1. How many residues does the stretch B:93-115 contain that are of a type outside the set (Val, Ile, Thr) and at the interface with chain A (Cβ under 7 Å from one of its Cβ atoms)?
2. Taking the condition of being open to solvent by 10 Å² or more (accessible area, probe 1.4 Å) and either under 20 Å from B:THR194 (Cβ atoms) or free of Cβ contacts under 8 Å to residues at least 24 places away in the same chain (or both), how many residues in the stretch B:82-104 meet it?
3. Keeping to the stretch A:98-141, report how many residues are of a type outside the set (Gly, Ala, Ser), open to solvent by less than 50 Å² (accessible area, probe 1.4 Å), within 20 Å of A:ALA187 (Cα to Cα) and modelled with pLDDT of 90 or more.
4. A:ALA273 versus (1) away from chain B (no Cβ under 11 Å); (2) open to solvent by less than 30 Å² (accessible area, probe 1.4 Å): which is the lone unmet condition?
5. Hey, among the residues in the stretch A:156-170 that are touching a residue at least 40 places away in the same chain (Cβ under 8 Å) and open to solvent by 40 Å² or more (accessible area, probe 1.4 Å), which one's nearest to A:VAL226 (Cα to Cα)?
6. Counting just the residues of the stretch A:354-398 that are within 17 Å of A:ALA332 (Cα to Cα) and open to solvent by 50 Å² or more (accessible area, probe 1.4 Å), which one comes out farthest from the other protein chains (Cβ to nearest Cβ)?
7. Only one of (1) within 13 Å of chain A (Cβ to nearest Cβ); (2) at pLDDT 90 or above fails for B:LEU159. Which number is that?
8. Looking at (1) closer than 20 Å to B:LEU97 by Cα; (2) of a type in the set (Lys, Arg); (3) open to solvent by less than 20 Å² (accessible area, probe 1.4 Å), which is the only condition B:ARG144 fails?
Amino acid sequence: MRPADLAAEAFAGLVARPARVLLTVLGTVIGIGALVATLGLSKTAGSQIVGHFDELSATDVVVSPSARAGGAGAAVLPWDAEARLRRLNGVAAAGTLADVDVRGALVRSVPINDPLAAGAVQLPMKAASPGAFRAVHAELAAGRLFDEGHSRRADRVLVLGPNAARRLGITRVDQQPAVFVGDRLYAVIGMLSAVSRQASLLGAAIMPEGTARREFGLRAPALAQVETRLGAVDLIVRQAPVALSPGDPGLLKVAAPPDPRELRGEVRNDLDALFLLLGGVSLLVGAIGIANVTLVSVLERVGEIGLRRALGAARRHIAAQFLLESAAMGLAGGIVGASAGTLVIVGVSASRTWTPVLDPWVPLGAPVVGALIGLLSGTYPSLRAAWLEPVEALRSGT
Amino acid sequence: MRHLTPHPDADVAPGAPSHDGRRLVADDAPPEVPAVALQGLGRVFGADPPVVALRGVDLVLERGTSLAILGPSGSGKSTLLNVLGCLDRQTCGTYRLDGIDVGGLSDGERAVLRAQRIGFVFQTFNLLAHRPVIENVMLAEVYRGTARDGRHERALRALERVGMTHRAGFLPTRLSGGEQQRVAIARALLGDPTIMLCDEPTGNLDSVNTRSVLALFDELGALGLTVVIVTHEDEVAAHAARRVRIIDGELSEDGA
């Protein structure tokens, strides 16, 4: 028997009963569809959560003195913390920050143009190492940031957070504005528009650490802000205290984000367990459906089997035809189910404005799984058909 | 597929080349080899107690003759037909078809034999209801392994021989009983089998259709087809050149 003939006979056997085939295939469609949708949606949802964390939190590490060292004011962090941290593999950016005690000095801008505006304001004053701006993702609105040189020379320069600039009535830096801090004059060299970390910088005036040391006697940085590379958080959490306080790492505490992998795992487990079970059950029901219908089909077509045997079909030809029919039903169910599942993923993603994520082997493998299920389900009925005695089979007519 | 040689007695040039490579030998068995030769054929069903359906049947059927097997129901004539059609195995004796000893063949080999050398016509027509007439006829070639090219044309020619070309595209359910039986005969004719076995071919037909089908058998017989008709009606048997009668599993020539 030629393969083309076998395929044609199996196909003809299927199209002869289209309604029944459609209903039979439905179980596989639902099962495969549920599996594909579940795998795709959990992957999609997992990717969204990771994406959210990755952006900022998953790379955010803050090192500060521990309670044992005496809390926030303790002088544990070294002045070269930035340089030490940047030597660690996995650090993308690092810098130190400290609050500067200006001893109640008010800040006022010069010249005073607006007699109605409050002349002098109390502004939080911060000291930062040059790398801190990158570590907090500071965006510059105008002017420039201070650098290593400013700090070493203890230049009297300031960078203003956007809220601080508004309070001082400073909107541009191209005219070289200056402000008095107490009775000392500082040049405003830059203004920030936004920061992603350390939001307190938004309302503060920021000076170089060297300046704060000389002018206000700053004893040590209060915290080190680190941005790690993706996935390096664990490493930096372990290494940073040793790098910064080799004598006694316990004097430092590290604030790090929760491990996103654990979070993702929890979400995925909740979602998947239920839907995979649902998909599995549907698939099982689909398989039983195919087995059942193929068996009914065999019993119904006993006469046809007898006729085919009389026309010269060997047992294996009969078995092959019924196997092919059930496998084709499974394959069709797999293709339709994979398509439906993919549509569900795209639909849900669209409604949540997610980016749909799907392993390519899922929609490609689903029809194969469907065909295998069809093949398995059809095995018993096909063998039964093959072992019918032609004389008995013929007696039942077509 | 094991290649088979005819029994030495058959005196046939062995291994005559066949057109599809699958056909058992004795493809062009010389005319002196009878189409069918039965010797001491018996068939017993079961063991406790054994039911003897056929006993000591001797029969030689020359090519181009038509034979009617007469007998009341339960006499063993259907069993004989099943053995002749390689659907059932004898329990003793020998059966040679075209000189090939069928008794020694495996299931698969007997299936090939059925596909290539035997045409069946059933009382209930046995057409596939969901397939058009032409596909029903073409089905005869599916298990023969012949090329798909030209199958449609060959099936049309077979339909032409039974005068059913005009119904080629119809579903069998739209045909009368007589027409359905003609289609079944066309299916049996496709590929020119050694013998055509007909099991009560007019059993489900009214008198008009019976007459037309019998006329068709007469035509085919005149063309030299070897036909075996099992029937219990004398009127049908009268159309055959030779008549035998089975009673209680024993075969005798019908003199009447």
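1. 5
2. Adding up the residues that qualify gives 11.
3. 5
4. If we test A:ALA273 against (1) away from chain B (no Cβ under 11 Å); (2) open to solvent by less than 30 Å² (accessible area, probe 1.4 Å), just (2) comes out false.
5. A:ASN163
6. Going through the qualifying residues, I end up with A:LEU364.
7. Going through (1) within 13 Å of chain A (Cβ to nearest Cβ); (2) at pLDDT 90 or above one by one, B:LEU159 breaks only (1).
8. Every condition holds for B:ARG144 apart from (3).
The values are calculated or read from the model by the stated rules, or taken from the named source; none is laboratory data. Remember, it's a predicted structure, so these values are computed and weren't measured experimentally. So basically every Cβ, Gly included, is an ideal-geometry build from the backbone, and we count neighbours across all protein chains shown. Just so you know, the surface numbers come from the protein's heavy atoms only, side chains and all, with ligands and any DNA or RNA stripped out. Shrake-Rupley method; radii C 1.70, N 1.55, O 1.52, S 1.80 Å.
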